[in-house]
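Only one structure is covered here, and it is reproduced in the block below.
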Amino acid sequence: MFWYLLKRTLRIPFVLLSISFVIFFISKHVPQDSVINILALEGKIEQSNSDEGYSKEDYLQVAKQYNYHLPNFYIGLRPAHYPKQLSLLPEERSIEEKQLQTEKRFSLPSIQWNGLDNQYHAWIKKIISGDFGISFVDGKKVSTKIAEAFRWTIVLVLLAILLSFALGISMGVFSKTTKNKKSFEVLKLTSYFLYAIPVFWFATIMLIFFTTDDYGAWTNIFPSVSILDPREDSFFPMLLSAGKILILPLLIMTLHAFGYISRQMESSLTEEVNKLYARTALSKGLSYKEMITKHGFKNALLPIITLLSSAIPGTIAGSVIIETIFNIPGLGRLIFESILVADWNVVFGVVFMVALITSISFLLSDLLYAKTNPKIRLDLQ
Amino acid sequence: MMHTIKRILGFIQKKKRGKISLLFLFALFIVSLLTPFIANDIPIVCKSKTGLKFPVIQKLWKGSAQANMDCEWSLNPLIPYSQKTIDIKNGRFASPFSKQNTTSLRTRHWLGTDALGRDSLAGLMYGSSIALRVGLFSALIALFLGLLVGTFAGYFGNNMLKLNGLQVVLVIGLIVLLLYQLSYGFFFGHAYDGLKEFVLFLLILALGSIGILNSASLLKQTIRVPVDNIVLWIFEVYKSIPNIFFLLVLLSIFVKSGVASLVFTLSFILWPIVARYTRAEILKLKEENFIKSAQVSGISSWGIVRSHLLLNAIGPALVSFAFSFSAAILLEATLSFLGLGLSVEEVSWGSMLSEVKNNYKAWWLALFPGLALFLVISALNYIGEMIGEFYAQS
C-alpha cells in the first residue's frame, strides 16, 4: 500500500512536467505577440510614435528582459542555412525569413544542442521555485491572481459536490425503497434529464425564465446576473454580499451533478439487491426496506465514495461555463479571459493548478477505493 | 460488416426509444443535407427569359448566385430565408408569438428572429448541418486515431514490439522529419518543386544508415519498445487536464477558427476515449484461444491485428464513436456559446444561444437550439449505450 501510494505520488510531478512541455509548445505557436502586451502594460505604446506604436529599442529591451532572445528549447531543429538567431522584431523577422526561404529552396534539417541556456529552461526553473511570473494584462502576480480566483471556484465546487452527493445518495435510496411506482418513474426521468441536459443551456434557460417576472409573478425567483466587485479586501464579507448571486449557479451545478449521482446510486443499489446476501437477508425475515438500509446501502455506497473525489475535476470543468455565464471571477473565467488576450503566464498557472487538483483527486479516489474495498487493498499489497 | 451493422440496428430498434432516436437522427441528417433547398432566400428553379436556372445549386456550387433575377415562374424554398438573410422589418428580436411585420404565413418567422432580423428556424436548420458535420468528422478522426493507438498499445503491450537498429533509426528519422515539416516545411511550405532533392536526400540517408549500422553490426540488436506504457502515459496526461481547459488552450493556436480547425482540435481531444475502449477490448481478446492459436500457427503480428483483432474490436469502438460524436457536438456548441468556436458568420446552435446574452427576454433563441442540441445528444448517447448492450449480450 505504501509503495503504491509513493509510486502514484511520484508520478504527479512527471505528469505536470509533460503538461508544461505541451503548454510551452502551444504558447510558442499562438498568433499574438506577448512582447507587445508587455509594452502596452508598461505604457510604452503610443499611437503617434510610428506605424507599430512602439520604438524598436523598447521592443528589443523587453524581448531581452523576457528571454525571447534565447533559443526555445534544449534541442533545436532548423534548416542548415539559417543563422543562429533571427531578428527579434516581428517585421524584420518576417522579411528575413522570406529572404532565407527564397535564397534556398531545399535545405537539410540540422539539429542543434542549445544547452541549458534556453527559454524553456529559464521558465521552468522559475516555476519550480514557485514564481509563475506576472500577468501581461494588469501586471499583477499570477499566483495572487490565481489565489483570488480559486477562492470562488473552490467555494462553488465544494458546496455543489457536498449538496449533490447528499441529495443524490438519499434520492437514490428513496427511489429504490419507495413503493410508489409513479414517483419512482418521475424521479428516474428527472435525474436523467438533469444529467443529460447541456449545462450552459440549462443555465441560460434558468436565467431567462426565472430571473424576471415577465412570465408571471412567481417566476422571479433568482437575482439576475450582475458584476461582482472583487476589489474588497477580505473574501468572506464579499462572499456574503455576493451570496444571493451565487445561489443560481450553485443550484445549477448541484442539480447537474445530482442527476448523475442519483443515477449511479440507484444502479449501484440495484446491483447489490440482486446479490445472494440480499436474498439471504430477505429470507431471514427482513423487509425489503430494512434489507436495503441495513445491508445493501453500505455496499452500494462504495463505488459512490470513490466518485466523490473524482467529481472535483468534473465540477471544476463545469464551472468554466457557469462562471462565464454568471460573471463569477473564478478560475474558469480567469483562464477564459486570459486565453482571449494571450496572457500565457496566467493560462499556464491555471492549467497547472487544475492539473494538480485533478491528479490529487484521482489519487485520492483510488486510495478511497482501496480503503473501502479489501479486495483491491490486498491486490495492491 | 454490413451484416453486423444490420443486426445492431435491429437490436436498437427493439426498444421504442432506440427507434425514435434512430429516426430522429436520420431525419436530422436528411434535413441538414437538404437545408439549402428548404430554407433559402433565392428560388430553387427560376424560369427567366434566358432559360431555366437553378440559383440554389449555383450558389452551392460557386459560392454565390445572381441576386435579383427576373423570374417569369419560380419554385421557391418553403422557408424564404437563409440563415444569413437579414429581415430589417422584423429586426430586434421578433418573438414567435408577437405580431410580425410579414405579408403571409409563409414569410412569417415561426421561431422568431435575432437582433439583426435573421430567421431562427433557418438558423436552426443550418446549425444542424454544422453540428452534424463537426460531430461526425471529429468522431471519425478520433475513431481512426483511437483504433490505431488502442490496438497498437493493447496488442504489443510492453515487450512484444521489438525494433532492430535500422528500424529505430528510421523511426527517429521520421519523427525528426515530421517535426521539420511541421515547423518549416520540407521546402519551406511554399515551393514544393524541391521534391527530387528531397527523395534523393531520403535515399542517401537510408542507404547511409544501413551501411553504417551494418558495419557496426548494430542491426541485429533489438530494443523492446514499451508501447503500452507510453500510451498509458499519454492517457494520464490527458486525464489530468479537463477537456474544456485543454480545448480552450488548443484553440488559441488558430488565427481564424473554422470548421476544419475545430474538427482537428476536437478529434485531438477525443481520440483517447476511443483508444482506451479499444485497448481494453484488445487486452481481453488477446487472452482468447483463437488469437493464441493464430500466434502459434505462425501468422505475423500484422496479420493477427488486421484479420482478427481489429474486426473484433471495431464493435466496442463503435460505442465510443457514438459517445465521442455527441461529446464533439456538445463541445462545439459550448465553444460557440462562449464565442470561441466558429467564426461569427457561421450560424451554429451554440452561437444562436449566445445571442441571448444580449437580450435575456429573447427566450426563443435559447429554447429551440438548446432543445435540438439536447435531443441530438441524448439520441446519440442512447444509441451508444444500446450498442454497448448489444455487444455485452452477444
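The table below gives the values:
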| item | result |
| --- | --- |
| Selected from A:Asn114, A:Asn72, A:Leu39, residue furthest toward positive end of dipole (segment A:36-128; charges at beta carbon) | A:Asn114 |
| Relative contact order %, chain A, counting alpha carbon pairs below 8 Å whose residues are six or more apart | 21 percent |
| Cross-link partners of B:Lys62 among lysines (Cα-Cα below 25 Å; sequence separation of 8 or more within a chain) | B:Lys47, B:Lys49, B:Lys53, B:Lys84, B:Lys256 |
| Label-point gap, in nm, between A:Leu189 and A:Leu5 - each point 7 angstrom along Cα→Cβ | 4.9 nm |
| Restricting segment A:230-302 to trypsin sites (Lys or Arg not before Pro) in coil, as DSSP defines it, with at most 13 other Cβ within 10 Å | A:Arg231, A:Lys275, A:Lys284 |
| Cα-centred dipole magnitude for chain B, charges only on beta-carbon of K, R (+1) and D, E (-1), debye, nearest 20 | 800 debye |
| Globularity index of segment B:6-113, i.e. its alpha-carbon radius of gyration over 2.2 N^0.38 Å | 1.43 |
| Lys/Arg +1, Asp/Glu -1 at C-beta; chain B dipole; positive extreme among B:Tyr81, B:Thr107, B:Val249 | B:Thr107 |
| Most mobile of A:Ile208, A:Ile321, A:Ile169 in a GNM of chain A (Cα contacts under 10 Å) | A:Ile208 |
| Backbone N under 13 Å from the B:Leu375 label point (7 Å along Cα→Cβ), restricted to segment B:9-53 | B:20-32 |
| Table column - 3J(HN,Hα) (Hz), segment A:335-351, Karplus curve with 6.51, -1.76, 1.60, x for Gly and Pro | 5, 4, 5, 5, 5, 4, 10, 6, 8, 5, 4, 5, 4, 5, x, 5, 4 |
| Per principal axis, descending, Cα span of the protein assembly as shown in whole Å | 82, 81, 68 |
| Among B:Arg106, B:Arg118, B:Arg276, residue whose mean-square fluctuation peaks in a GNM of chain B (springs only between Cα atoms under 10 Å) | B:Arg106 |
| Signed unit charges on C-beta, dipole axis of segment A:142-380, positive-most listed residue A:Val199, A:Leu364, A:Phe184 | A:Phe184 |
| For B:Val45, distant residues with modelled amide H under 5 Å away | B:Leu75 |
| Within chain B, longest stretch clear of exposed GluC sites (Glu not before Pro) (DSSP loop, no more than 15 other Cβ within 10 Å) | B:73-286 |
| Translational diffusion of segment A:36-128, µm² s⁻¹ [Kirkwood Rh, Cα pairs; Stokes-Einstein; 37 °C; 0.692 mPa s] | 215 µm²/s |
| Probe 1.4 Å, all protein chains present, accessible-area order of B:Asp228, A:Asp117, largest first | A:Asp117, B:Asp228 |
| For chain A, calculated [θ]222 nm from helices alone, where every DSSP H run of n ≥ 4 adds -39500 (n - 2.57) | -23000 deg cm²/dmol |
| Chains A and B, summed buried accessible surface - 1.4 Å probe, Å², nearest 100 | 5000 Å² |
| A:Ser18 - accessible surface, heavy atoms, 1.4 Å probe, Å² rounded to 10 | 20 Å² |
| Residues whose placed amide H lies under 5 Å from that of A:Ile75, excluding near-sequence neighbours | A:Asn114 |
| Approximate spin-label separation B:Phe235-B:Phe54, in nm, with each point projected 7 Å along Cα-to-Cβ | 5.0 nm |
| Integer Hz, Karplus 6.51/-1.76/1.60 couplings in order for segment A:116-125, x for Gly and Pro | 7, 7, 9, 5, 4, 4, 4, 5, 5, 4 |
| Distance histogram for chain B (every C-alpha pair counted, 20 angstrom bins, percent rounded to whole numbers) | 21, 44, 28, 7, 0 |
| Heavy-atom accessible surface of chain B: percent carbon and sulfur, 1.4 Å | 67 percent |
| Chain B: relative contact order as a whole-number percent, Cα under 8 Å and 6+ apart | 21 percent |
| Simple Cβ-charge dipole of the protein assembly as shown, Lys/Arg +1 and Asp/Glu -1, about Cα centre, in debye nearest 20 | 3000 debye |
| For A:Lys56, solvent-accessible area (1.4 Å; no DNA, RNA or ligand), Å² | 110 Å² |
| Accessible surface of B:Met2 - all protein chains present, 1.4 Å probe, nearest 10 Å² | 140 Å² |
| Listed residues B:Tyr277, A:Tyr82 arranged by accessible area, highest first, probe 1.4 Å | B:Tyr277, A:Tyr82 |
| Protein accessible area in segment A:36-128, 1.4 Å probe - carbon and sulfur % | 52 percent |
| Quotient of Cα Rg and 2.2 N^0.38 Å for segment A:249-294, N being how many residues it contains | 1.58 |
| List B:Val249, B:Val169, ordered by accessible area with a 1.4 Å probe, largest first | B:Val169, B:Val249 |
| Fluctuation leader among B:Gln58, B:Gln100, B:Gln13 - chain B, Gaussian network, Cα springs under 10 angstrom | B:Gln58 |
| Cross-link pairs beyond the 32 Å C-alpha cut-off, checked among A:Lys188/A:Lys244; B:Lys6/B:Lys292; B:Lys14/B:Lys284; A:Lys84/A:Lys140 | A:Lys84/A:Lys140 |
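The values are calculated or read from the model by the stated rules, or taken from the named source; none is laboratory data. This is a predicted model, so every value here is computed, not measured. So basically every Cβ, Gly included, is an ideal-geometry build from the backbone, and we count neighbours across all protein chains shown. Remember, those area values only see protein heavy atoms, side chains included, never the ligands or the DNA or RNA. Shrake-Rupley method; radii C 1.70, N 1.55, O 1.52, S 1.80 Å.
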